[in-house]
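Encoded as structure tokens, the structure appears first; notes follow it.
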Amino acid sequence: MPATSLDQIVALAKRRGFIFPSSEIYGGLQGVYDYGPLGVELKNNIIADWWRTNVYERDDMEGLDAAILMNRLVWKYSGHEETFNDPLVDCRNCKMRWRADHIQGVCPNCGSRDLTEPRPFNMMFRTQIGPVADSGSFAYLRPETAQGIFVNFANVLTTSARKLPFGIAQVGKAFRNEINPRNFLFRVREFEQMEIEYFVMPGTDEEWHQRWLEARLAWWEQIGIPRSRITIYDVPTAELAHYSKRTFDLMYEYPNIGVQEIEGIANRTDYDLGSHSKDQAQLNLTARVNHNEDSIARLTYFDQASGRHVVPYVIEPSAGVGRCMLAVMCEGYAEELTKAIPGEKLAAVGEALNAFLKSVGRSEKLSGEARDAILARGEELTQALAERLPEVEQLLAMPGADQIELGKKLRGQAQPLIDEHYRTVLRLKPRLAPIKVAVFPLKRNHEEIVATAKAVRRQLQAGGRMRTIYDDTGAIGKLYRRQDEIGTPFCITVDFDTIGQGKDPALAGTVTVRDRDTMAQERVPIAELEAYLRDRVNA
């Protein structure tokens, strides 16, 4: 089953080098994260898969990489200066600041209802341009990548000679000054977007909107998020953004934080190109736009069939890289029983768990809310202790659990069993995995075995075709567990049989290939390794 707690993913991400808090040695910076050695590989693999699917495998798409800094007028006529606001309130009791639409009139920190009146807060970051700070010398860090596509529509159309329908794809950084960044990668202040603006003839927009919905669902399934795990939210008219005719939000159920948006697919009509065009009165726009007195271009398409200029409608599939990566990790995460636990040892843990829960129930140190939460979670574990034993650590990490002395005994009983009988595995699609293959020498101080293992690693890594590492820092079992945890789909062991010094001469020149998901092992000739792995790694 997928991850049951976001804490599992946060701990794994830090422990194995996927995600680090930014500026951690100085206390960090809320809502900003750094991608570590494995995280940058996973992130780049997700982006590459998205780009390959939407640009390389289609014949109606162009790419773009627009600047982060843009003329302030872009954000004036896009509507961001006027509408990109959140309602902000302060708690007069504890001085915390919140989005009014997220807290239902009660401070989440202290429970007070003594809040200030909501006031608008623009989420765009401002920065100074040039050496002199005055009212005309500032710009914004872009809050989305879409506007860079819209203002370049005429450039791309002219240079690519495209005909409708066609799209422009872009991956890039965006910045939003979130009032309360939270939930790890889900809501942050600096993030990357994968966006498409797909331009269509007016009147065909609804058909294309549906087609893009199906295309995007297919991609999510392709990268490991089953369609059954995605809910399609047809956004009600009252909740639509000011530019939208209709929007589908794809919703995924993250652990702890519940069903949340992972991608929006919006029918933006002719709002954006119309907003950035001159001579708007002559364009027969259907969208309500701000009168533009500054643009020097008419962002239109000349339709040969009708002999007239039209403002295309736009379908926009837009996904955040961080939210995507978080969903992929949550969906792929598992803590699995690898061998049966002796009954008496499991019973001892069960007794320690029950004693811990009784102590929780009697404790006067805990708030009622903390006590109820611990007891509810503990009762879930007792119902399926053998399968869910690793969740004991999450139970002991819950607020207030550290005040119960018997928690130490429970951890002491459970942890050795977890270490011996379970594995953590990240079942990433092989093509997304940060490392595709890990190569181990059975004996790390045997010259010929080590030399052969390193040669195998070089062979597979050559040309950058599949990321391969060499590791001799532990026993084979421990090395397997490490690679399972970071999602490596295949491990190769070079042993005495490989170098012709084993019991079976027929195994000379072969290695053991172990599959992450099944843990099955197979002898494969070194000469056939690359071909054996190629199709499996690209799956």
Mind jotting down the distance between the C-alpha centroids of the stretch 98-136 and the stretch 192-248, whole Å?
30
Under a 5 Å amide H to amide H cut-off, with H placed in plane at 1.01 Å, what residues pair with Thr269 once short-range neighbours are removed?
Lys245, Val314
Where labels lie 7 Å past Cα in the beta-carbon direction, separation of Asn538 and Glu379 in nm
5.3
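By the scheme Lys and Arg +1, Asp and Glu -1, what is the net charge of all other residues having a beta-carbon under 15 Å from that of Arg536?
Details: positive: Arg427, Lys429, Arg431, Lys436, Arg465, Arg467, Arg514, Arg516, Arg534; negative: Asp515, Asp517, Glu522, Glu528, Glu530, Asp535.
That sum, taken over residues with Cβ under 15 Å, equals +3.
Rounded to the nearest 0.05, what FRET efficiency do Glu405 and Arg15 have when you use their Cβ-Cβ distance and R0 = 25 Å? Intermediate values should be presented prior to the final figure.
Numbers: r = 27 Å, r/R0 = 1.07.
Computed FRET efficiency for Glu405 and Arg15: 0.40.
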Whole-angstrom gap from the stretch 1-57 to the stretch 497-515, using each part's C-alpha centre
37
The chain, helix-only ellipticity at 222 nm - DSSP H runs n ≥ 4, -39,500 (n - 2.57), divided by all residues, nearest 500
-10000 deg cm²/dmol
Which ³J(HN,Hα) values in Hz, rounded to whole numbers, follow from the phi angles of the stretch 389-395 under the Karplus curve 6.51 cos²θ - 1.76 cosθ + 1.60, where θ = phi - 60° and Gly and Pro get x?
3, x, 6, 4, 5, 5, 4
Work out, step by step, the length gained on full extension between Ala161 and Glu364: first 0.36 nm times the residue separation, then minus their alpha carbon distance; give nm to one decimal.
65.7 nm
Pop out the ³J(HN,Hα) list for the stretch 526-539 in order, Karplus 6.51 cos²θ - 1.76 cosθ + 1.60 with θ = phi - 60°, rounded to Hz; leave Gly and Pro as x.
4, 5, 9, 4, 4, 5, 4, 7, 4, 5, 5, 5, 7, 6
What are the residues whose amide H is under 5 Å from the amide H of Ile435, where those residues sit 5 or more places off or on another chain and H is modelled from the backbone?
none
With 10 Å bins from zero, work out the P(r) of the stretch 257-319 over every alpha carbon pair and list the percent per bin.
21, 41, 24, 10, 4, 0
Of all accessible surface on the stretch 302-388 at a 1.4 Å probe, what whole percent is carbon and sulfur?
48
Once the Cα atoms of helix 6-16 and of the chain are each reduced to a long axis, what angle between those two axes, in degrees from 0 to 90 to the nearest 10, is obtained?
70
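Calculate, in nm to one decimal, what Arg99 and Gln30 gain on full extension: separation in residues at 0.36 nm each, minus their alpha carbon distance.
Values: separation 69, 0.36 × 69 = 24.84 nm, distance 1.60 nm.
Here the answer is 23.2 nm.
Could you please put Phe356, Phe20 in sequence from largest to smallest accessible area, using a 1.4 Å probe?
Numbers: Phe356 0, Phe20 70 Å².
Of Phe356, Phe20, the descending order of accessible area is Phe20, Phe356.
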Built amide H within the under 5 Å cut-off of Val494, gap 5+
Phe440, Leu442
How many percent of the accessible area of the stretch 477-539 is carbon or sulfur, using a 1.4 Å probe?
51
Would you mind working out the accessible area per residue for the stretch 1-77, using a 1.4 Å probe, and quoting it in Å²?
52
Determine the per residue accessible area of the stretch 416-479 with all protein chains present and a 1.4 angstrom probe, expressed in square angstrom.
45
A correct Karplus calculation of ³J(HN,Hα) over the stretch 288-297, with 6.51 cos²θ - 1.76 cosθ + 1.60, θ = phi - 60°, whole Hz and x for Gly and Pro, returns 8, 10, 6, 4, 9, 9, 10, 5, 10, 9
Rounded accessible area per residue of the stretch 193-337, 1.4 Å, Å²:
42
Taking +1 at the Cβ of each Lys and Arg and -1 at the Cβ of each Asp and Glu, which of Ala334, Gln394, Leu346 sits farthest along the dipole of the stretch 318-430 towards its positive end, judged by Cα position relative to the Cα centre?
Ala334
Net lengthening on full extension, Asp517/Arg229 (0.36 nm per residue, minus Cα-Cα):
101.6 nm
Prolate/oblate/rounded call for the stretch 318-386, Cα gyration tensor, a/c under 1.5 rounded:
oblate
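Taking 2.2 N^0.38 Å as the expected size of a compact globular protein, what ratio does the Cα radius of gyration of the stretch 168-309 give against it, to two decimals?
Details: Rg = 17.8 Å, N = 142, 2.2 N^0.38 = 14.5 Å.
Cα Rg divided by the expected 2.2 N^0.38 Å: 1.23.
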Percent of accessible area on the stretch 55-211 owned by carbon and sulfur, 1.4 Å probe?
49
Rounded Å value of the spacing that divides the Cα centres of the stretch 451-477 and the stretch 147-189:
38
Can you find, among Thr452, Leu428, Phe356, the residue farthest towards the positive end of the dipole of the stretch 307-457? Put +1 on the C-beta of Lys and Arg, -1 on that of Asp and Glu.
Thr452
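Tell me the relative contact order for the chain as a rounded percent, counting alpha carbon contacts under 8 Å between residues six or more apart. Walk me through the intermediate numbers first.
On the way: 944 pairs, mean separation 63.6, N = 539.
Over the chain, the number comes to 12 percent.
The values are calculated or read from the model by the stated rules, or taken from the named source; none is laboratory data. Being a predicted model, the structure only gives us computed values, none of them experimental. Note that we place each Cβ from the backbone using ideal geometry, even for glycine, and neighbour counts take in every protein chain shown. In case anyone asks, the SASA skips ligands and DNA or RNA and just uses the protein heavy atoms, side chains included. Shrake-Rupley method; radii C 1.70, N 1.55, O 1.52, S 1.80 Å.
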